[in-house]
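Read the structure below first, then the notes.
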Amino acid sequence: MSHPNRASPRKIYSNPDDCIHPVNGLELVLVLVRNAIHSGGEFWGPDATHKSRATYSVALIRWRNEPRLAWRFDGEKNHPLGWPSSSGYPAWAIPPRPLQMGLMEHVPLELHAQVLEVFRGSPYSVKWFRLGENGLLKTAKAPTFGAAIALLPSGPEGWERYLIEKNGHFVERGDPHGPRGRPSPDGEPIDVETGEPVA
């Protein structure tokens, strides 16, 4: 019987979503490049004993709560775990800061703005309350308004109101059924009294 926490020796870890190591300090945010073909076609595998046709992936991660880009060679027949691996698990390689932006050339242009927003910070905050916005239950940060909306279902048990702010300014409030009052069409702060955008 195999150990429940040990990576399967038979499984080929070609799906980058399965890679969550190093487990201490790493949070997988978004896979940006999935199973891309190496521009050189064949290349020497991690053990330098044979040529490999493994693909590679690039991800946006949080490493010890800081945004980083990471990459790996996906698993293939001769190297089921891919590279790198750690203690029998597929892992991500996290380049040092000066080399981080070099990975951006592999990221599709349509994802650049989202990546840069995360690197600049997470300006949106989501707060969950009991009825009447009394008794704050939980707060979470998000890089974009869409990401803040996507967080709503993950609120704590028993929440009855939510509030979304951007850099401390009101954006939207609501309940489990949706926005209350005027919803924010674009995620930009609005003045509670006038309903006009905050400059």
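Available extension along the chain between Ala150 and Leu137 is 2.9 nm, counting 0.36 nm per residue and deducting the alpha carbon span.
Sort Ile164, Ile20 so that the residue with the fewest other Cβ atoms within 10 Å of its own Cβ comes first and the one with the most comes last.
Starting with the residue having the fewest Cβ neighbours, the order is Ile20, Ile164.
One way to sum up the overall shape of region 124-179 is the equivalent ellipsoid from its Cα gyration tensor, whose semi-axes run 16, 11, 10 Å, largest first.
Counting other Cβ atoms within 10 Å as a rough exposure proxy, the listed residues Phe170, Phe145 run Phe170, Phe145 from fewest neighbours to most. The magnitude of the dipole of region 98-188, with charges of +1 and -1 set on the Cβ of Lys/Arg and Asp/Glu and taken from the Cα centre, is near 340 debye.
Ranked by how many other Cβ atoms sit within 10 Å of their own Cβ, fewest first, the residues Ser154, Ser85 fall in the order Ser154, Ser85.
For Asn15, what is the net charge nearby, where nearby means another residue's Cβ is under 11 Å from its Cβ and Lys, Arg count +1, Asp, Glu -1? Net of charged neighbours comes to -1. Residues in region 130-157, backbone N under 12 Å from the label point at Arg180 (7 Å along the Cα-to-beta-carbon vector): list them, ranges by number please. Once the point is set 7 Å along Cα→Cβ of Arg180, 130-134 turn out to lie under 12 Å by backbone N, inside region 130-157.
Bear in mind these aren't lab numbers, they're just calculated from the coordinates by the rules spelled out. What you are looking at is a predicted structure, and each value in this text was computed from that prediction instead of being measured. Positions of Cβ are backbone-derived with ideal geometry, glycine not excepted, and every protein chain shown enters the neighbour counts.
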